[in-house]
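The values are calculated or read from the model by the stated rules, or taken from the named source; none is laboratory data. Fair warning: this is a prediction, and the values are worked out from it, not measured in the lab. All Cβ positions, even for glycine, are placed from backbone atoms using ideal geometry, and neighbour counts span all protein chains on display. For the accessible areas, the whole protein counts, side chains as well, though only heavy atoms, and no ligand, DNA or RNA atoms are used. Shrake-Rupley method; radii C 1.70, N 1.55, O 1.52, S 1.80 Å.
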Amino acid sequence: MTARSPDEGHRAATPLELFFDLCFVVAVAQAGARLVHALAEGHVGAGISGYLFVFFGVFWAWVNFSWFSSAYDTDDVPYRIAVLVQIAGVLVYAAGVPRAFDSNDWTIAVIGYLVMRAALTAQWLRAAVGESGRARRAALFYAVGLLVCQCGWVALLVAPAPARHWLFLVMVVAELSVPMIAERYHQTPWHAHHIVERYGLFTLIVLGETVSASTVAVQSALDEEEVLGELLPIAAGALLLVFAAWWIYFAVPAHERVTDNRAAIPWGYGHFAILGSAAAIGAGVEVSVEQAVGKAHVSLLAANLGVTVPAALFLAVVWLLHARHFKQGAAQQLLLPVAALAVLGCAWTGQQAVLWAGLVAAATVALGVTLRHRARSEA
C-alpha cells in the first residue's frame with residue numbers, strides 16, 4: 001500500500017466511502033432516538049451526557065477512517081474487505097447504542113468499536129509496510145496507538161459502573177492524542193479538497209437525518225387534529241433551520257484554509273460540535289412535537305431549548321471553525337455570532353419558538369448573501 005498524492009487533481013469521494021457514510025446513518029439515528037426519549041421524559045442531564053458519549057464513538061470512528069482513506073485509499077481487494085469489516089463494526093456499534101445510553105452497558109457498543117478499530121489497525125500496519133523513514137514511523141505509531149486504545153476500551157467493560165463515565169473521558173483524551181502525536185513524525189498525505197468534501201458529505205447525511213426525524217415526528221402527530229395549528233409552525237421552522245444550516249455551512253471554500261495539520265486538526269476535531277449539534281436539532285424538533293401533543297413530560301421552554309440550543313451551537317461553531325476566516329468587515333464577522341444569540345433567545349417566544357428560530361436563521365442567510373454581494377461590488 002502506497003500513499004496517494006496530496007496534490008492529486010479531481011480527487012472526489014468514492015462509492016465505497018459514500019457507502020461507509022450511509023451505514024453511519026443507523027448509528028446517528030439510534031443516538032438521536034435515545035436523546036429524544038431522555039429529553040421527553042425530563043432526564044436532561046443524563047440525556048445530554050449519554051448522547052455526547054455515544055455520538056463521540058460514531059464521530060471518531062468516521063474521522064479515523066476518512067483521514068486514512070484520504071491518504072491511503074488504494075481501492076484494491078484487501079482495502080475493500082477491510083472497509084466492509086469496519087462497516088460491520090459500525091452496525092454492531094449502532095445496535096449497542098440503546099444499552100449504552102439507557103443502562104450504561106457498553107458491551108455491544110465496544111465490541112462493534114473494536115471490530116472497526118481492528119480493521120483500521122491492519123490498514124495502518126499495511127501502510128507501514130509500504131512506507132519508509134518518518135512516514136513508516138508515523139504509520140506504526142498510529143497502529144500501536146490504536147491497539148493501546150482498544151485495550152483501554154476493553155478495560156472500560158470490566159470497570160465498576162460508576163467509574164465508566166470517567167474512564168470514558170480518559171479514553172476520549174487518549175484517542176484524540178494519537179493523531180496529534182503521530183502526525184509530529186510525519187504529516188500523512190491527506191488531500192485537502194477530498195477531506196473537506198468528506199466532512200461536507202457527512203454533514204449532509206446528518207442534516208438529512210434531522211429532516212427525516214422531524215418528518216416522522218410530525219407525521220406521527222397528524223392524527224391529533226386539534227393541535228395541527230401548533231405542529232405546522234414547528235415543521236416550517238425546522239425546515240428553515242435545516243435549509244439555513246446547509247447554506248451557512250457550505251457558504252465558504254474551507255479547502256482553501258485546511259491545508260496543513262495546524263489548521264486541519266482543530267478543524268476536524270471541532271466538527272464533533274457541528275455534527276453533534278446538527279443531529280441534535282432533529283431530536284429537539286421531535287421533543288417539541290411531543291410537547292405540542294402533550295406526550296412530553298417537559299415544559300414548553302425546555303422543549304424550545306432542545307431546538308434553539310443545538311441550532312445556536314451549530315451557527316457559532318461553523319463561524320469559529322472556518323466561516324470567520326473568509327469574512328470581511330465587522331458586519332460579516334458579527335453576523336453569525338449575533339444570529340446564534342438571537343436563535344437561542346427565540347426559546348422564550350412561546351409556542352412559535354421553532355418558527356421564530358427558523359425565520360432568524362433564514363434572515364441570517366439573506367443578510368449574509370447581501371453583505372457578501374455588497375463587499376464584492378465595492379471591491
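Output the number of residues of segment 184-204 satisfying the condition of being at pLDDT below 90 and in a helix (DSSP H, G or I). Looking only at that region, the number is 2. Please work out which residue is surrounded by the most Cβ atoms within 10 Å (Cβ to Cβ), limiting yourself to segment 291-321 and to residues that are small (Gly, Ala, Ser) and part of a helix (DSSP H, G or I). Only one residue tops the list, namely ALA311. Within segment 238-261, the set of residues being assigned to a helix (DSSP H, G or I) and open to solvent by 30 Å² or more (accessible area, probe 1.4 Å) comprises LEU239, LEU240, PHE243, TRP246, TRP247, HIS255, GLU256. Taken over segment 118-138, the criterion of being in a helix (DSSP H, G or I) and of a type in the set (D, E, K, R) is satisfied by ARG126, ARG134, ARG136, ARG137. Kindly indicate whether any position in segment 332-342 is more than 27 Å from the chain's Cα centre (by Cα) and surrounded by fewer than 22 Cβ atoms within 10 Å (Cβ to Cβ). No: zero hits. Going through (1) outside any loop (DSSP other than H, G, I, E, B); (2) in contact (Cβ under 8 Å) with a residue 60 or more places away in the chain; (3) surrounded by fewer than 21 Cβ atoms within 10 Å (Cβ to Cβ); (4) over 20 Å from the mean Cα position of the chain (by Cα) one by one, VAL115 falls short only on (2).
For segment 206-215, taking the residues that are buried (at least 20 other Cβ atoms within 10 Å of the Cβ) and not polar (S, T, N, Q), the one that is farthest from the chain's Cα centre (by Cα) is identified as ALA213.
Note on segment 49-82: among residues that are among the aliphatic types (A, V, I, L, M) and touching a helix residue (DSSP H, G or I) at 6+ places or on another chain (Cβ under 6 Å), the one that is modelled with the highest pLDDT is ALA82. Among the residues of segment 107-148, those that are farther than 16 Å from VAL63 by Cα and charged (D, E, K, R) comprise ARG126, GLU131, ARG134, ARG136, ARG137.
Residues in segment 132-178 that are open to solvent by less than 40 Å² (accessible area, probe 1.4 Å) and of a type in the set (D, E, K, R): GLU175 only.
Anything in segment 343-357 that is more than 23 Å from the chain's Cα centre (by Cα) and of a type in the set (Gly, Ala, Ser)? List them, or say none. Scanning segment 343-357 gives GLY345, ALA347, GLY350, ALA353. Checking the structure you have, find out if any residue of segment 276-287 is within 22 Å of ASN64 (Cβ to Cβ), part of a helix (DSSP H, G or I), of a type in the set (A, V, I, L, M, F, W, C) and open to solvent by less than 40 Å² (accessible area, probe 1.4 Å). The answer is yes, given that some residue of segment 276-287 is within 22 Å of ASN64 (Cβ to Cβ), part of a helix (DSSP H, G or I), of a type in the set (A, V, I, L, M, F, W, C) and open to solvent by less than 40 Å² (accessible area, probe 1.4 Å).
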